[in-house]
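Since the structure comes first, as structure tokens, the remarks are kept for the end.
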Amino acid sequence: MGTSKVKLSNVCYLITGISIILIITILSTYYRDIEGSSWEVKKEIQINSTRLAAGYMQDFFKERETLLSVAGRCMQGIEISNGFGIEELFPEKADLFDSIDIIGTDGSLIYGSHETKDIKDKIAFEKALGGNCAVGEELSEDKKMYIYAPVIDKAGEITAVMAAAISDAKLSVYIEDNISGQDAYAAVINNRGRIMYGSSNVEELIGKTGTSYFSYLKACKITTDGIGTDYIQNHMRESDDIFLEYKYEGNAYVATCIPIKVNDCYLIYISSDKGNIAVPKSNTILMKILVLDLVIVFGLLLYYIISRAKVLRRLGDYEIVDRQEGAALFEYTFSPKKIEVFGNFDMVVGKKFKTLVGEAVYDVYDYIHEDDASIRGRLHEFFDSDSEYFSSEVRILEEDGNYGWFRLTGTMFRDRSGKCERFIGKIVNANKQISMEKNLVQRAENDLLTGVLNKKTMESKISALLSDQKEGRNYIFFMVDLDNFKNVNDTLGHIYGDKAIADTAKVLTSIFHNNVFIGRLGGDEFAVFAIYDAFDEESLMKFIVKKAEKVCEANRREYSDGANTVKITSSVGISIGPKDGSTFEVLYKKADEALYSSKNTGKNKYTIIGKDL
């Protein structure tokens with residue numbers, strides 16, 4: 001009996017030991033399985049993240065090209081020399097560019113310090129001379145990337161080229177802040193494998209084998225399964241996505257190569273990995289029995305691990321965009337329909353946003369300004385296309401009841417058949433930038449000294465208005481010219497002359513309020529174009545006379561420098577459409593004739609064509 005007990009005890013110990021070994025084996029096997037599955041998730045995350053990052057790199061250059069193009073059109077009529085201050089025209093350039101230079105069409109430097117040697121041979125410079133913005137194909141010798149934009153005069157001729165520099169350091173900071181992750185490296189290369197710019201870690205990594213990314217791959221001996229550097233170069237020429245797994249100096253790496261629609265460049269995202277590979281599960285009967293015994297014990301643990309893997313996958317999709325300051329992130333899934341918001345949505349628009357499911361997703365358009373309702377059609381058009389990236393500006397209702405400008409960008413993820421699965425995007429408050437763009441447009445349309453419209457804009461707006469005349473409506477053209485203005489410049493100097501012109505613009509703006517265009521035609525000559533719905537001739541003439549008398553009265557002024565005093569007045573000429581004409585040219589000519597009559601019959605008065613003349 002005693003011997004039997006000893007033997008039974010030994011058997012129990014043996015079974016227990018075997019069970020422990022088998023449990024450890026099973027756990028080890030499942031651990032490798034989970035790690036292998038996790039690696040597949042991480043692989044998909046890296047590909048999706050790199051695609052998003054490529055989109056942001058494109059936005060980085062697109063926004064700067066747009067602003068530079070508008071700035072090029074704002075330089076109409078401005079004399080450019082070494083004393084020219086670009087900051088006055090483009091004060092925001094410090095946040096966007098390191099410097100802005102101006103180069104003549106012959107390649108000579110007009111303003112700034114840009115190295116113009118061999119500039120005429122550069123493709124980007126040639127594109128700018130052709131009327132298009134273009135990004136330089138490679139970094140310059142001073143480690144800067146240049147964006148070129150044409151300077152266009154009033155006649156539409158290209159008179160010079162603006163060259164805006166972005167330093168390699170600024171580009172590297174952008175990549176490191178918004179693209180690179182922990183234990184990862186990122187760089188942008190051209191299709192010849194040469195590093196354009198990137199984080200210092202990438203340059204250090206690739207610097208071990210030279211400046212070429214291809215030479216680095218050769219050193220890694222990526223030649224298995226038909227994947228060599230020739231294979232990679234061919235795919236880059238075809239603008240295909242590339243995903244690589246390799247080892248170098250004992251370390252495992254993965255690289256995702258995604259094309260950027262700027263100069264046929266590629267975004268290279270390299271991360272280190274443990275090199276885990278899924279191992280097939282054991283099919284032994286004993287292991288299956290033990291697995292069944294352990295299901296209850298480890299079920300919750302496995303559920304937790306799988307749930308965490310899914311969460312990591314979702315969070316990984318936003319790993320890059322989540323760093324964008326002031327951005328609200330969202331995901332729209334197509335089946336089932338759902339809009340879910342992540343990140344700082346309340347910080348961006350000032351209110352909470354609940355997840356929308358089913359037909360409720362269309363409630364999101366209730367937040368959109370009615371004038372921007374067309375975004376719904378543009379989104380559906382984008383969904384039906386094969387495009388990856390979407391970008392638009394839209395006004396959204398904020399917590400205070402007002403509408404603010406926001407920039408909406410996103411990336412579409414489709415299945416292998418091309419069917420839409422998920423649309424991941426970000427929404428950023430763009431009030432500051434859009435105000436800046438509108439400010440540039442305003443500078444192109446308005447007179448720099450007075451702030452009223454310039455002659456070209458005045459003619460354009462009046463012509464557009466007269467092309468669609470309303471029955472019973474009167475169009476009144478006032479021409480205002482200062483009397484004795486030359487005496488102000490000759491006696492007191494141009495500072496007082498400029499003040500007299502600026503004061504006249506203020507006077508006209510204070511007299512005329514609604515339904516008017518006020519512009520400076522040149523020198524001390526101004527025009528006011530007013531719309532008046534009169535019931536009869538008497539009412540119309542009463543309005544015109546009242547305004548004309550106020551103009552003459554307000555322009556009776558004097559200027560003094562303490563030693564000399566000069567008095568000025570103004571003469572006014574008036575024409576009325578459609579009675580006197582239906583085009584800008586005719587009304588301008590008739591008002592000019594009336595102004596000439598006021599000048600020649602004593603000045604300091606007004607003349608109405610057809611009535612006084």
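General observations
- Listed peptides 163-173, 133-143 by packing density, highest first (mean Cβ within 10 Å): 163-173, 133-143
- Potential extension, Asp59-Asp121 segment - 0.36 nm per residue separation minus Cα distance: 19.6 nm
- Loop-located trypsin sites (Lys or Arg not before Pro) across segment 352-395 with a Cβ neighbour count of 13 or fewer within 10 Å are Lys352, Lys354, with loop assigned by DSSP.
- Per residue solvent-accessible surface (Å²) - segment 522-613, probe of 1.4 Å: 50
- ³J(HN,Hα) computed for each position of segment 531-546 - Karplus, 6.51 cos²θ - 1.76 cosθ + 1.60, integer Hz, glycine/proline x: 10, 9, 8, 9, 7, 8, 5, 5, 5, 4, 5, 5, 5, 5, 4, 4
- Size estimate for segment 377-535 follows the Kirkwood approach: the inverse of mean 1/r over distinct Cα pairs works out to 20.2 Å.
- With DNA, RNA and ligands ignored, accessible area of Ile147 (1.4 Å probe; Å², nearest 10): 0
- Residue-wise HN-Hα couplings along segment 254-261, as the Karplus relation 6.51 cos²θ - 1.76 cosθ + 1.60 with θ = phi - 60° gives them from phi, are 10, 10, 10, 10, 10, x, 10, 7 Hz; Gly and Pro carry x.
- Cα gyration tensor, segment 451-588 - rounded (a/c under 1.5), prolate or oblate: prolate
- Our estimate of slack between Lys506 and Leu397, defined as 0.36 nm per intervening residue step minus the Cα-Cα distance, is 35.8 nm.
- Maximal additional length on extending the His513-Asp490 stretch stands at 4.9 nm, based on 0.36 nm per residue less the C-alpha distance.
- Vicinal HN-Hα couplings computed from phi for segment 331-337 (Karplus, 6.51 cos²θ - 1.76 cosθ + 1.60; Hz; Gly/Pro x): 9, 10, 9, 8, 9, x, 5
- Exceedance of the 24 Å cut-off in Cα-Cα distance is limited, within the set Lys546/Lys579; Lys499/Lys605; Lys499/Lys546; Lys567/Lys611; Lys567/Lys599, to Lys499/Lys546; Lys567/Lys611.
- If you plug the beta carbon distance of Ala464 and Lys354 into 1/(1 + (r/R0)^6) with R0 = 41 Å, you get a FRET efficiency near 0.40.
- Carbon-plus-sulfur accessible fraction, segment 450-491 (probe radius 1.4 Å, protein heavy atoms only): 42%.
- Residue-level accessible surface for His494, protein heavy atoms, 1.4 Å, Å²: 130
- Under 5 Å, built H, 5+ apart or other chain: amide partners of Ser99: Ala165
- Amide H contacts of Tyr185 (H built 1.01 Å from N, in plane; Pro and chain starts excluded): Ile270, Ser271 sit under 5 Å, all sequence-distant by 5 or more or on other chains.
The values are calculated or read from the model by the stated rules, or taken from the named source; none is laboratory data. Keep in mind that what you see is a predicted model, and the values were worked out from it rather than measured. FYI the Cβ positions are ideal-geometry reconstructions off the backbone, even for glycines, and counts take in every protein chain you see. Calculation scope for accessible area: heavy atoms of the full protein, side chains included, ligands and nucleic acids excluded. Shrake-Rupley method; radii C 1.70, N 1.55, O 1.52, S 1.80 Å.
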